[in-house]
Amino acid sequence: MNALWKLINYNRGKRNYAKLIRYIKERKVHEHEWLEALKASTVPLKLIWGQQDPVAVPVIGRALLEYRPDAILCEIHESGHYPQLEVPEIVLREIQDFYQVGVAQNAKNGGQRRD
């Protein structure tokens, strides 16, 4: 987390940091469009969700499964908004496991895309 804070402060970057919060408004404006795209996607999906996240609260991750019931939801209880920084070894293991299962499934299907 210290490295992230250093990056935020680099070259006076913190002065622009408040502008990033605009994504909350964009999330509401584009919600339907983004959720429909998620629903239409055929790409295998695993959601890695920090359960201590005060911004993207856990109920959001579970709600996304309504749009992609085939997705896998990995709930990391000891992490918040940045699991990739807070518990990188867990995130790496989850990605590797997902990739290995996906490669094996793809080979089993003769390289065919799932629909």
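The values are calculated or read from the model by the stated rules, or taken from the named source; none is laboratory data. Quick caveat, the model's predicted, so the values are computed rather than measured. Every residue, glycine as well, gets a Cβ built from its backbone with ideal geometry; the counts of neighbours run over all protein chains shown.
With the structure loaded, tell me whether ARG113 is of a type in the set (Lys, Arg), at pLDDT below 95 and part of a loop (DSSP other than H, G, I, E, B) or whether it fails that test.
So ARG113 passes the test.
Can you name every residue in the range 85-98 that is of a type outside the set (Val, Ile, Thr) and either loosely packed, with under 14 Cβ neighbours inside 10 Å or not in a helix (DSSP H, G or I) (or both)?
The answer is PRO88, GLU89, LEU92, ARG93, GLN96, ASP97.
Report, by residue number, each residue of the range 1-27 that is touching a residue at least 12 places away in the same chain (Cβ under 8 Å) and surrounded by 10 or more Cβ atoms within 10 Å (Cβ to Cβ).
Within the range 1-27, just LEU4 meets the criteria.
Among what's in the range 28-76 and is small (Gly, Ala, Ser) and within 18 Å of GLU94 (Cα to Cα), pick the residue that is surrounded by the most Cβ atoms within 10 Å (Cβ to Cβ).
GLY50
More than 19 Å from LEU35 (Cβ to Cβ), modelled with pLDDT of 95 or more and either among the aliphatic types (A, V, I, L, M) or outside the structural domain of TYR23 (by TED's automatic domain parsing) (or both), is that true of PRO54?
So PRO54 fails the test.
On the basis of being farther than 18 Å from PHE98 by Cα, charged (D, E, K, R), out of contact with any Asp or Glu (no Cβ under 6 Å at 6 or more places or on another chain) and not assigned by TED's automatic domain parsing to the domain that holds PHE98, does GLU66 make the cut?
Judged against the criteria, GLU66 is not a match.
Determine whether ILE48 is of a type outside the set (Gly, Ala, Ser), assigned by TED's automatic domain parsing to the domain that holds HIS81 and touching a residue at least 40 places away in the same chain (Cβ under 8 Å).
yes
When the residues of the range 1-37 are narrowed to those that are assigned to a helix (DSSP H, G or I) and touching a helix residue (DSSP H, G or I) at 6+ places or on another chain (Cβ under 7 Å), which ends up farthest from ALA56 (Cα to Cα)? Full working, then the answer.
Restricting attention to the range 1-37, the residues satisfying the condition of being assigned to a helix (DSSP H, G or I) are 2-12, 14-29, 31-37.
Now restrict to residues that are touching a helix residue (DSSP H, G or I) at 6+ places or on another chain (Cβ under 7 Å): 4, 8, 14, 17.
Numbers: LEU4: 19, ILE8: 20, LYS14: 22, TYR17: 18 Å.
Among residues in the range 1-37 that are assigned to a helix (DSSP H, G or I) and touching a helix residue (DSSP H, G or I) at 6+ places or on another chain (Cβ under 7 Å), the one farthest from ALA56 (Cα to Cα) is LYS14.
Looking at the range 93-112, I want the residues that are farther than 19 Å from CYS74 by Cα and have a partner that is surrounded by 13 or more Cβ atoms within 10 Å (Cβ to Cβ) and at pLDDT below 70 with Cβ atoms under 9 Å, at least 6 apart or on another chain. Which pairs are those?
Hits for this filter: GLN112/ASN106.
Just to be sure before I move on: is ILE60 aliphatic (A, V, I, L, M), under 13 Å from the mean Cα position of the chain (by Cα) and either modelled with pLDDT of 80 or more or part of a helix (DSSP H, G or I) (or both) in the structure I sent? Give the derivation first.
Numbers: aliphatic (A, V, I, L, M): yes; under 13 Å from the mean Cα position of the chain (by Cα): yes; either modelled with pLDDT of 80 or more or part of a helix (DSSP H, G or I) (or both): yes.
Judged against the criteria, ILE60 is a match.
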